[in-house]
Amino acid sequence: ALMEKSGVDHLVLVPFTADFASMEAEAYISDFLVRFFHPHTVIIGHDHRFGKNRSGDFQLMKSCGNKYGFQVLEIPEYVINNIGISSTTIRKKLNSGDIAEANELLGYQYSFTGTVIKGNQMGRTIGFPTANLAIDDILKLIPYNGVYGVQVLLENGEEHIGMMNIGVRPTVDDATITHIEVHLFDFAQEIYNQKIRVSLVVRVRDEQKFIHVEALQNQLAQDEIFIRSFFSI
């Protein structure tokens, strides 16, 4: 979706097979980039490595550019709050639940898409009905357990504010399976089997185990107040 929004005309996804991974760096340039794409310009990151044993770098690409007739541009390192932006750093932020920092480094709100499935409907009984999500991409990184303030995009284009819990539901479940549940504010529609996109905006707290359901209800009410105030709704 981000590439489509940026206006990319063609996107080539190359299967990372053993043969492809074992190509020497210069062979990758001559037998792959030049042979199949005839590039005018190649743009790579300042720390990009390619070829077998990561032996290729910007200088090799530039040297081969002179040889094969294409120019090479380097994307410099970008730093925000004294933090160098990298996918590794962003993954660490997401894995620790630091969604605010992750979003700042990304330049957009981290999101994922899931299909709404039926759960145990416990949320209905305590006044907080939730949409249980089955994430479409099994490789998608799910941030650290906890409660988040989110923006949700429905299939019909409607956008809603809500709160999401990622975790094992320790108060009502005795399980280790991670659940992803979203409660939409001021919303009463049935959206089973719909695909929705959830954008994580603010982390509210860690997942907690409460001694009884009433304590959970009270905390959820406080979470909602905080999130509504954050979004000014």
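The values are calculated or read from the model by the stated rules, or taken from the named source; none is laboratory data. Keep in mind the model is a prediction, meaning the values are calculated, not measured. Note that we place each Cβ from the backbone using ideal geometry, even for glycine, and neighbour counts take in every protein chain shown. Just so you know, the surface numbers come from the protein's heavy atoms only, side chains and all, with ligands and any DNA or RNA stripped out. Shrake-Rupley method; radii C 1.70, N 1.55, O 1.52, S 1.80 Å.
Consider Lys92 carefully, then state whether it is more than 21 Å from Val204 (Cβ to Cβ), among the charged types (D, E, K, R) and either open to solvent by 80 Å² or more (accessible area, probe 1.4 Å) or at pLDDT below 95 (or both).
It is false that Lys92 is more than 21 Å from Val204 (Cβ to Cβ), among the charged types (D, E, K, R) and either open to solvent by 80 Å² or more (accessible area, probe 1.4 Å) or at pLDDT below 95 (or both).
I'm trying to understand the selection: among the residues of segment 166-186, which are on the phi < 0 side of the Ramachandran plot and either modelled with pLDDT under 85 or in a loop (DSSP other than H, G, I, E, B) (or both)?
Val168, Pro170, Thr171, Val172, Asp173, Asp174, Ala175, Thr176, Ile177, Thr178, Phe185, listed by residue number.
I need the full set of residues from segment 1-32 which are open to solvent by less than 90 Å² (accessible area, probe 1.4 Å) and either of a type in the set (Phe, Trp, Tyr) or touching a strand residue (DSSP E or B) at 6+ places or on another chain (Cβ under 7 Å) (or both), in order please.
Matches in segment 1-32: Phe20, Ala25, Tyr28, Phe32.
Quick one: count up the residues across segment 48-88 that are open to solvent by 90 Å² or more (accessible area, probe 1.4 Å), within 23 Å of Leu105 (Cβ to Cβ) and in contact with a strand residue (DSSP E or B) (Cβ under 9 Å, 6 or more places away or on another chain).
Summing the residues that are open to solvent by 90 Å² or more (accessible area, probe 1.4 Å), within 23 Å of Leu105 (Cβ to Cβ) and in contact with a strand residue (DSSP E or B) (Cβ under 9 Å, 6 or more places away or on another chain) in segment 48-88 gives 3.
Looking at (1) open to solvent by 20 Å² or more (accessible area, probe 1.4 Å); (2) within 22 Å of Ser111 (Cβ to Cβ), find the lone condition where Leu220 falls short.
(2)
With more than 17 Å from the chain's Cα centre (by Cα), exposed (fewer than 15 other Cβ atoms within 10 Å of the Cβ) and modelled with pLDDT of 90 or more as the only criterion, which of Gln189, Gln194, Gln208 stands out?
Working: Gln189 fails: modelled with pLDDT of 90 or more; Gln208 fails: modelled with pLDDT of 90 or more.
After ruling out the rest, the residue left standing is Gln194.
His38 - would you say it is free of Cβ contacts under 8 Å to residues at least 40 places away in the same chain and either on the phi > 0 side of the Ramachandran plot or touching a Lys or Arg at 6+ places or on another chain (Cβ under 7 Å) (or both)?
Values: free of Cβ contacts under 8 Å to residues at least 40 places away in the same chain: yes; either on the phi > 0 side of the Ramachandran plot or touching a Lys or Arg at 6+ places or on another chain (Cβ under 7 Å) (or both): yes.
Judged against the criteria, His38 is a match.
Of all residues in segment 74-96, which are under 12 Å from the mean Cα position of the chain (by Cα) and in contact (Cβ under 8 Å) with a residue 40 or more places away in the chain?
If the condition is that a residue be under 12 Å from the mean Cα position of the chain (by Cα) and in contact (Cβ under 8 Å) with a residue 40 or more places away in the chain, then Arg91, Leu94, Asn95 are the ones that fit.
Checking the conditions here, which among Tyr110, Tyr28 is at pLDDT 95 or above and closer than 25 Å to Leu133 by Cα?
Details: Tyr28 fails: closer than 25 Å to Leu133 by Cα.
The conditions single out Tyr110.
What helices (runs of 4 or more DSSP H), lying completely within segment 1-95, carry at least 2 residues that are within 30 Å of Ser199 (Cβ to Cβ) and touching a helix residue (DSSP H, G or I) at 6+ places or on another chain (Cβ under 7 Å)? Let's see the steps before the verdict.
Values: elements: 2-6, 18-21, 58-68, 87-95.
Once the helices (runs of 4 or more DSSP H) in segment 1-95 are filtered for at least 2 residues that are within 30 Å of Ser199 (Cβ to Cβ) and touching a helix residue (DSSP H, G or I) at 6+ places or on another chain (Cβ under 7 Å), what remains is 87-95.
Somewhere in segment 191-203, is a residue farther than 17 Å from Ala131 by Cβ and out of contact with any strand residue (DSSP E or B) (no Cβ under 6 Å at 6 or more places or on another chain)?
No, segment 191-203 has no match at all.
Criterion first (modelled with pLDDT of 95 or more and assigned to a strand (DSSP E or B)) does Arg203 satisfy it?
yes
Hey, among the residues in segment 131-141 that are out of contact with any Ser or Thr (no Cβ under 7 Å at 6 or more places or on another chain) and not in a strand (DSSP E or B), which one's least open to solvent (accessible area, probe 1.4 Å)?
Applying the filter and picking the extreme gives Leu141.
For Leu106, state whether it is within 13 Å of the chain's Cα centre (by Cα) and either open to solvent by less than 30 Å² (accessible area, probe 1.4 Å) or more than 16 Å from Ser199 (Cα to Cα) (or both).
Considered against the rule, which asks whether it is within 13 Å of the chain's Cα centre (by Cα) and either open to solvent by less than 30 Å² (accessible area, probe 1.4 Å) or more than 16 Å from Ser199 (Cα to Cα) (or both), Leu106 comes out as no.
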